[in-house]
Amino acid sequence: MAFKGAIDIDKEKCKGCAVCVANCPTASIQLSKMVNNKGYHYAEMVGEGCIGCSSCAIVCPDSVISVYRIKI
Ligand code: SF4
Ligand code: SF4
């Protein structure tokens, strides 16, 4: 059975530190050009390359990333 990954980021709690961006092995996260209510460029998923490895969620200092695996 094949899976692909997906993440959900609580953008209003994200502080734009980019630790998740640096630790994603598939370059599936970037900082948005938009800002949240606190004025931070929040992280967002990009593309279809997420493998659901949870690396981003583990390193996020504020634990604002949820990781999902979707059956394909
Ligand atoms: S779960 Fe893994 S592959 Fe997916 S965005 Fe997070 S670090 Fe990248
Ligand atoms: S590591 Fe967490 S707080 Fe930092 S940019 Fe990523 S989602 Fe936002």
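Throughout, read-outs are computed from the coordinates displayed, never taken from laboratory work. Keep in mind it's a predicted model, so treat the numbers as computed, not measured. Cβ: placed from backbone, ideal geometry, glycine included. Neighbour counts: every protein chain shown.
Quick test of your reading of the structure: Q30 fulfils all but one of (1) touching a residue at least 24 places away in the same chain (Cβ under 8 Å); (2) within 11 Å of ligand 1 (Cβ to nearest atom). Name the failing condition by number.
With (1) touching a residue at least 24 places away in the same chain (Cβ under 8 Å); (2) within 11 Å of ligand 1 (Cβ to nearest atom) applied to Q30, the lone miss is (1).
Filter the stretch 33-65 for residues that are in contact with a helix residue (DSSP H, G or I) (Cβ under 6 Å, 6 or more places away or on another chain), within 9 Å of ligand 2 (Cβ to nearest atom) and assigned to a helix (DSSP H, G or I) and give the result. I'd like the intermediate steps shown before the answer.
From the stretch 33-65, those in contact with a helix residue (DSSP H, G or I) (Cβ under 6 Å, 6 or more places away or on another chain) are 43, 55-56, 59-60, 65; that's our starting set.
With the extra rule that they be within 9 Å of ligand 2 (Cβ to nearest atom), the set shrinks to 43, 56, 59-60, 65.
C56, V59 - these are the residues of the stretch 33-65 that are in contact with a helix residue (DSSP H, G or I) (Cβ under 6 Å, 6 or more places away or on another chain), within 9 Å of ligand 2 (Cβ to nearest atom) and assigned to a helix (DSSP H, G or I).
Consider Y68 against the criteria (1) within 14 Å of ligand 2 (Cβ to nearest atom); (2) surrounded by fewer than 17 Cβ atoms within 10 Å (Cβ to Cβ); (3) touching a residue at least 12 places away in the same chain (Cβ under 8 Å): it satisfies all of them except one. Which criterion is unmet?
Going through the list (1) within 14 Å of ligand 2 (Cβ to nearest atom); (2) surrounded by fewer than 17 Cβ atoms within 10 Å (Cβ to Cβ); (3) touching a residue at least 12 places away in the same chain (Cβ under 8 Å), Y68 breaks only (1).
For the stretch 13-39: of the residues being within 26 Å of K71 (Cβ to Cβ) and of a type in the set (A, V, I, L, M, F, W, C), which is surrounded by the fewest Cβ atoms within 10 Å (Cβ to Cβ)?
Among those residues, the one meeting the criterion is A27.
Restricting to the stretch 40-65, and then to whatever is within 22 Å of E12 (Cβ to Cβ) and acidic (D, E), can you tell me which residue is surrounded by the fewest Cβ atoms within 10 Å (Cβ to Cβ)? Spell out how you get there, then give the answer.
First, pick out the residues of the stretch 40-65 that are within 22 Å of E12 (Cβ to Cβ): 40-46, 50, 54, 56-65.
In the following step, the residues that additionally are acidic (D, E) were identified as 44, 62.
Values: E44: 17, D62: 11.
In this case the residue turns out to be D62.
So D10 ticks every box in (1) out of contact with any strand residue (DSSP E or B) (no Cβ under 7 Å at 6 or more places or on another chain); (2) within 14 Å of S66 (Cβ to Cβ); (3) near ligand 1 (Cβ under 10 Å from one of its atoms) but one. Which box is left unticked?
(3)
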